[in-house]
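Some notes on the structure that comes next.
Coordinate-derived values only; no laboratory data. These figures come from a predicted structure and were not determined experimentally.
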Amino acid sequence: MKKKLRLSIVLILAFICLNAQETHKPFQLALYNPVQIVAQDLSVHGFRFNLLYGENVDMVGFDMGLVNITNGYQKGAQFGIVSITEGAFTGARFGAVNITRGKAIGYSRGIVQIFDDGTTGWMSSGVNIIKGDVEGLVSGAVNIQHGKQMKGAMVGFVNIADEPKIDDGRRKKSKRKGTQIGLVNVAKSLKGVQIGLINVNKSAKIKVFPFILICKKAS
């Protein structure tokens, strides 16, 4: 009997120690940080529900709430009013305001979206602001890209593809191939087609042209 009791105590202590060393938990319920089951310095791999505001390191799985904060990377599905990911995002996201500091891969839909390190996939919003390269489709009322490369299409009322400045104030040369469709299309450099009421492409032989502007070689 004593041996069984000792063995049980050892197993319980081992489980507690092992659980204490875990850097991620399977479930998170948060009212607001720090009133949440899993501390903000741990990750969640599973399900997270943020009643008002929740914050963790990495999030893998299903994430939903009013305000969702992830200080690392995020993978999976996310629903929220405001969602902020400090690292990369991979998956599908639906919300009002979506901010991604790392690269976004997959599908993201919102009212206002900000991407600080480029996108791959389909980004759909009222306003899309993308810093970095674009590969795929960007659709919205206003789409703005500050990046070097683009492979895909921008569809909206106003589409602007600019080039980022480097340290000495000069512009980086861009490598854009694709299409802009909207009322107003503006590109610093684009190899492709612009379809709209006003089309501006500074790398084309004809810089400004209505309805359709084709540039076969971007400078």
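In percent, rounded to a whole number, the relative contact order of the stretch 25-156 is 11, using alpha-carbon pairs under 8 Å and six or more apart. Taking every alpha-carbon pair under 8 Å whose residues sit at least 6 apart, the stretch 27-85 reaches a relative contact order of 26 percent. When a/c reaches 1.5 or more, the comparison of a/b and b/c decides; with that in mind, is the stretch 63-116 rounded, prolate or oblate per its Cα gyration tensor? It comes out rounded by the Cα gyration axes.
On a 21 Å Cα-Cα criterion, which of the cross-link pairs LYS131/LYS205; LYS177/LYS205; LYS103/LYS216; LYS25/LYS103; LYS103/LYS202; LYS103/LYS175 come out too long? With Cα atoms farther than 21 Å apart: LYS131/LYS205; LYS103/LYS216; LYS25/LYS103; LYS103/LYS202.
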